Structure formats: C-alpha cells, structure tokens
1. When you count, for each residue, the other Cβ atoms within 10 Å and take the mean per peptide, how do 368-374, 213-219 rank with the highest first?
2. What number, in percent, do you get for the relative contact order of the range 116-237 if the mean sequence gap of Cα pairs under 8 Å and at least 6 apart is divided by its residue count?
3. Output ³J(HN,Hα) for the range 152-157: one whole-Hz value per residue in order, computed from phi by the Karplus curve 6.51 cos²θ - 1.76 cosθ + 1.60 with θ = phi - 60°, and x for Gly and Pro.
4. How large is the convex hull of the Cα atoms of the range 144-193 per residue, expressed in Å³ as a whole number?
5. Quick one: Karplus J couplings for the range 70-80, per residue in order, coefficients 6.51, -1.76, 1.60, θ = phi - 60°, nearest Hz, x for Gly and Pro?
6. At a probe radius of 1.4 Å, what is the per-residue accessible area of Ile360, in Å² to the nearest 10?
7. About the Cα centre, and with charges only on the beta carbon of Lys, Arg (+1) and Asp, Glu (-1), how big is the dipole of the chain? Nearest 20 debye, please.
8. Could you sort the peptides 382-394, 262-274 by per-residue average Cβ neighbour count (10 Å cutoff), highest mean leading?
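The values are calculated or read from the model by the stated rules, or taken from the named source; none is laboratory data. Not measured: the values here are computed from a predicted model. Cβ placement follows ideal geometry from the backbone for every residue including glycine, while neighbour counts extend to all protein chains displayed. Remember, those area values only see protein heavy atoms, side chains included, never the ligands or the DNA or RNA. Shrake-Rupley method; radii C 1.70, N 1.55, O 1.52, S 1.80 Å.
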Amino acid sequence: MKVVVIGTGPAGITAAQTVRSLDPDGSVVALCAEPYPPYSPPAMADHFLTGRTTTLYWKGPDVVARLGIDERRDVVVTGVDTEGRAVVLDGGEHVGYDRLIVASGSRLYAPIPGAELPGVYDFKSLRRATELIGHVRSGEATSALIVGAGLIGIELSLLLSELGVATTVVEREGWAMPRLLDEVTAEVVEQAVAAKGVTLRKGTEAAAFEGAGSVSGVRLRSGDLLTADLYIAATGVKPHTELLAGSTITAGWGIHVDDGLRTSVSGVYAAGDVAEVADWLTGERYVHAIFPNAVAQGRIAGTNALGGETLYEGAEAMNSLKHLGVPVIAMGTTQDPDQVLRSLDGSGLRSVYLRDGRIIGAQLAGDTHAAGLYHSLMLRRRNVEGFGEHLVDPSFTLATVVWEATRPGLSSRRTIHSSASGGPSRI
Ligand SMILES: Cc1cc2nc3c(=O)[nH]c(=O)nc-3n(C[C@H](O)[C@H](O)[C@H](O)COP(=O)(O)OP(=O)(O)OC[C@H]3O[C@@H](n4cnc5c(N)ncnc54)[C@H](O)[C@@H]3O)c2cc1C
C-alpha cells in the first residue's frame, strides 16, 4: 500500500507515523511546502527567543529518516487527480497513491482587502516567520502592526515586544482574544500584555491593508491610516484548500469529512486545520485549529487510510497562553451558559460555565491547578450541580470530587460572582 500525505505539520506527521507503524512494509510519502523537518507552530516563539529546536522539531529532527518515511521538502502540491489517484506537484510531476491524506493545514489571514499583498506576514509558517524575525534581527524593522488579538496575534505581539519591536495590535472587538476568553479573563491578558510594552487598541477595526505593490499601511474603519515596519494578518486561520481546485473532493471553509475523516472521494482522508470536523459539544462542523485536535485527527486518518474504522469523537477547544508571564488556560465554550461561577483571590481568577448542570467551559488565570479536572469533568459530561460554588474554590481538587460522591450537598463557601444569566460581568 502506498500512502501519500500532504503536509508534515502536527496532523500530517502524525498520520505518516501512524501509517508507518501499522504497515511497516508499505510506502509512506510525505510532501511539504517548507524546507524544514516536521515542526510544531506553537513552539516557534520559544525557538526565536532561545534558539532551541527541541520543542520546535517535536518528533526529533530525524523523524522521517528514523521511521523510513519518504519525505520531500520544499514541494508544493498544486492539484489532486482523484481519477488517476495522483497528486500534482508545482513542477508538474505526478505522485501516485493508493490512499491520500490531506493535512495541508492553514495560514493566518484577515478577511479584508489587501491581506494578500506582499509584505503581509503569515506567522503560521516557519518559513514566513523566519523571514519576519530576520527583518527584526537585521535591525530593518523596529515597529510592527498586528491585525487581530486572537491567541496567535497576542503570542506574536509578546515575542516581538521581547525582541525590542514597538508592537501595536488592533482588535475589532472590545477585549483581547474574544473568541477564546470572556471579558473578565481577557482583562488579565490585557494587563499582562500592556506590562510587556504592547499597545492593544481594542474596538479598532482594520478595513484594509493598503499599498502599491507591497503593503505600506493599515486603513482603519475610522479612516485613520496606521503604519509600521512589519504587518501581520492574524484575525483567524484559512485552511489550505486551494490545492483541491478542480478535484471532486468537496470543501466549504475546510475539507468536508465524515466522522472517520473520509472526504467525499473514496481513499482520500483529511485531518488537522484543513478539515471541518464535528465539535464534541455541539456537533457543529467547522475547522478547530488547535494542536491536540490535529494530532488526534492525524492518528485517525492514518488508521482509517489502512482500513481502520476508528471514529473521531469530536474536536474540543482548549488553549493556553505560554509567554504572558501569567498562566492562562481556556477550554470549551462561553456560549449560552445558564450559569457562570467565578472566584477571584490572591491565587487567581477562575470561571466555570455551566449548562444543564454540566461544565461547558472554564477559564483560569494565575492559578491553573484544577484545569485538568475541569477538562475531564467537561469531557465526561459529568453533572456537577452537587458541587455548587465549590467548583470555583481554589481548593477544588480530585479529592473534592471523590468526597462529594460519598457526601452530596456541600454547603456554599466563597464565591465572588455567580450569574444565572451567564453573560460576562465585571468583578
Ligand atoms: C504561533 C502559534 C501558536 C499556536 N499555539 C497553539 C497552542 O498554544 N495550542 C494549540 O493547540 N495550538 C496552537 N497553535 C495552532 C496549531 O499550531 C495548529 O492547530 C496546528 O499546527 C495544525 O496542524 P496541521 O498539521 O493541521 O497544520 P499546519 O501546522 O498548518 O501544517 C500544514 C503543513 O502543510 C504544508 N502545506 C500546506 N499546503 C501545502 C501544499 N499545497 N503542498 C505541500 N505542503 C503544503 C504547510 O507548509 C505546513 O507545513 C498555534 C499556532 C501558531 C502559529
């Protein structure tokens, strides 16, 4: 069996590794547009700050040689001939397959005019990120403008600031990381970001990147023009689906897959940031662009490409900020809770979102010790009504869960805020 994998990001290399381990005698070909060993995008900031490559090349720099994967770097797949079972490379070469796994990931973008202008950077790709940081290190760039204060925009602003770049982030919404954090947790992030010297302009909408030939400014909805040495589009990610144009593999925003990660074409699978998968909580299908989802999906696509019948249980949202100086973890959703519990004390801020007595989301800043426990209760859809406000007590631990199982009806102790409406409110 010959399996071709497009992309060696977290999804692609996991798929290739899975195929290799299940079929040691088969052939695995991995094609990647970039000239590096398989890397972890979340580790790029640490790599640029410290020069370390251990977490960047998270499977080891020699992973493909070690596993006997036929890897080709610096090749771009431009098309898929599903009739002829071959992918087409930028030079015109056809690479045949028995099974194909599309794991081409996504790029950072902004859905505004001019976002594709030369000079607008995509800090998702190590190649583009290396170019960007090269401008900083050479002294050519001393200021940067980032459009979008999502997780990647904020992480990048911290990195650039650390490297001495005067960095401004514009965010359309009224608080930082609005898709991940509620307004209260976001305040912690905003204070930490400001302390690191980043200028965050909330409620500021970018209308377009402007420039003749290459980018030279960002026009705001207000009409003002902001300029800097470096520009980064970071309002979200856009799946790399352009290689499917003209093929019969169907895609919307991302590639359509079933729960076995099979695409609309027999023998073709998709995994990671490029695929639209079900949300574990709502069942809604969309692109869930986070690392653990990509790895889990890569494993399943690899297994099923060899005839397995493993079903993906659904993607979840869990993320953490690594370079803030204050640990911040967010998981699940803040949408439509029927109760929000919060506590704030010297150890930190914790918020738990409940619907029908179950945790649908949690956010922790400062002390994150119970994050794993919330996560586990959330994924197990465990009814947590019995804990009441103890859920957000800093002393809430697994021992509390076990104790409650034998002695239900804990009395209320210390909670700063508990809202039935669920809407974020300030402490
Ligand atoms: C700065 C940063 C911080 C992040 N932090 C976190 C975090 O804290 N936690 C978390 O869970 N997630 C985080 N993420 C997101 C995480 O990195 C992604 O979800 C993950 O990388 C997705 O893996 P993937 O393999 O699907 O896609 P990608 O990592 O995008 O890899 C796809 C690969 O395919 C290649 N490719 C694309 N098109 C083609 C083509 N036509 N031909 C050949 N090759 C192609 C690309 O060059 C790329 O190498 C972060 C991302 C960034 C950029």
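1. 368-374, 213-219
2. Details: 233 pairs, mean separation 40.8, N = 122.
Reported relative contact order: 33 percent.
3. Running phi through 6.51 cos²θ - 1.76 cosθ + 1.60 with θ = phi - 60° gives 6, x, 5, 4, 5, 4 Hz.
4. Convex hull volume per residue, Cα atoms: 63 Å³.
5. Once rounded to whole Hz, the list reads 7, 9, 10, 8, 6, 10, 9, 7, 9, x, 10.
6. 10
7. The calculation lands at about 700 debye.
8. Most protected by this proxy first, the peptides run 262-274, 382-394.
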